[in-house]
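*Asks:* Before we start, here is the structure in question, set down as structure tokens.
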Amino acid sequence: MRLLPPNRDHGWTPYIWLAYLGFFFIHPIVDHVGWKEWTATVASVLVFLGIYFTFFWMKYPRNLLAILAMVLLGVVFAPYNGGAVGFFIYAAAFIPFAVPTELLAVLLLVTEMTVIGAIAFFFHLPPGFAATGLAFSILIGATNIFFAQRNRANCRLRMAQNEIEQLAQIAERERIDRDLPDVLVHPLSVII
């Protein structure tokens, strides 16, 4: 079974992006947590991986459910593990590719940043959590808006190129159909 669908614009880079998931393991390693927290950490990573790879197979608007699930993982684990900020950053990275317009991407990014701020406020998280979450969500989200625009433009160009090729094939067939009778008429008249 393939983890990523064929013919994706991202190629193999989604596998590289998973390296950032390592930050979620810093807290359990540094604080020498017990088996319960390790179990919760590993289980949440497995759930995240399922959500992560499912996102690439989904289309709008269903792909927004995968982003919502990432944000919910961040909300659940933020009070216990500062590395949960990574879930918010992944969601911010995926938002521009999940929606059809840049305006909707900006609105969803602003909504996510509001959630990050609210979580940091209500759970009294360290300022570094909110600062990291907000800064990287803005940076990566805004950058990916550009790349999502480029991907959509490339897709439109590929569709236009395919249409031009089909029209050229049709024109060539029509030219051959027009010229073929002339080519056949002359030899037949010579034979006659």
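FYI, it's all coordinate maths here, none of it is from the lab. What you see is a predicted model; the values in this text were computed from it and never measured. Note: ideal-geometry Cβ built from the backbone for every residue, glycine included; neighbour counts use all protein chains shown.
*Asks:* Out of (1) 9, 33, 37, 17, 4, 1; (2) 8, 21, 21, 21, 18, 8, 3, 0; (3) 8, 28, 26, 13, 7, 6, 5, 4, 2, 1, which label holds the value of P(r) over Cα pairs in 10 Å bins from 0, in percent that was computed here?
*Replies:* Computed from the coordinates, P(r) over Cα pairs in 10 Å bins from 0, in percent corresponds to (3).
*Asks:* Counting pairs of alpha carbon atoms under 8 Å apart in space and at least six apart in sequence, what relative contact order in percent does the chain give? Intermediate values should be presented prior to the final figure.
*Replies:* Details: 134 pairs, mean separation 33.3, N = 192.
Rounded, it is 17 percent for the chain.
*Asks:* Helix-only estimate, please: 222 nm mean residue ellipticity of the chain, summing -39500 (n - 2.57) across DSSP H runs of length 4 or more and dividing by its residues, to the nearest 500.
*Replies:* -26500 deg cm²/dmol
*Asks:* Here's a follow-up. Length gain on complete extension for the stretch Ala168 to Ala40, per 0.36 nm per residue less the alpha carbon to alpha carbon distance?
*Replies:* Numbers: separation 128, 0.36 × 128 = 46.08 nm, distance 5.88 nm.
Residue separation times 0.36 nm, minus the Cα-Cα distance, leaves 40.2 nm.
*Asks:* Can I ask one more? Using the per-residue mean of other Cβ atoms lying within 10 Å as a proxy for protection, in what order, highest first, do the peptides 44-52, 79-87, 108-116 fall? Before the final figure, lay out the partial values.
*Replies:* Details: 44-52: 16.4, 79-87: 21.7, 108-116: 18.7.
The most tightly packed comes first, giving 79-87, 108-116, 44-52.
*Asks:* Could you give the length gained on full extension between Ala153 and Ile29, defined as 0.36 nm per residue of separation minus the Cα-Cα distance, in nm?
*Replies:* Full extension of this stretch gives 40.3 nm more.
*Asks:* What's the center-to-center distance, using Cα atoms, between the range 128-172 and the range 24-54 in Å?
*Replies:* 32 Å
*Asks:* For Phe121 and Gln161, compute 0.36 nm times the residue count separating them, minus their Cα-Cα distance, and round to one decimal in nm. Don't jump to the answer; show the numbers that get you there.
*Replies:* Numbers: separation 40, 0.36 × 40 = 14.40 nm, distance 5.12 nm.
Fully extending the segment from Phe121 to Gln161 adds 9.3 nm.
*Asks:* Given a Förster radius of 25 Å and the C-beta distance between Tyr20 and Val106 as r, what FRET efficiency does 1/(1 + (r/R0)^6) yield to the nearest 0.05? Don't skip to the answer; put the middle values down first.
*Replies:* Working: r = 23 Å, r/R0 = 0.91.
Calculated value: 0.65.
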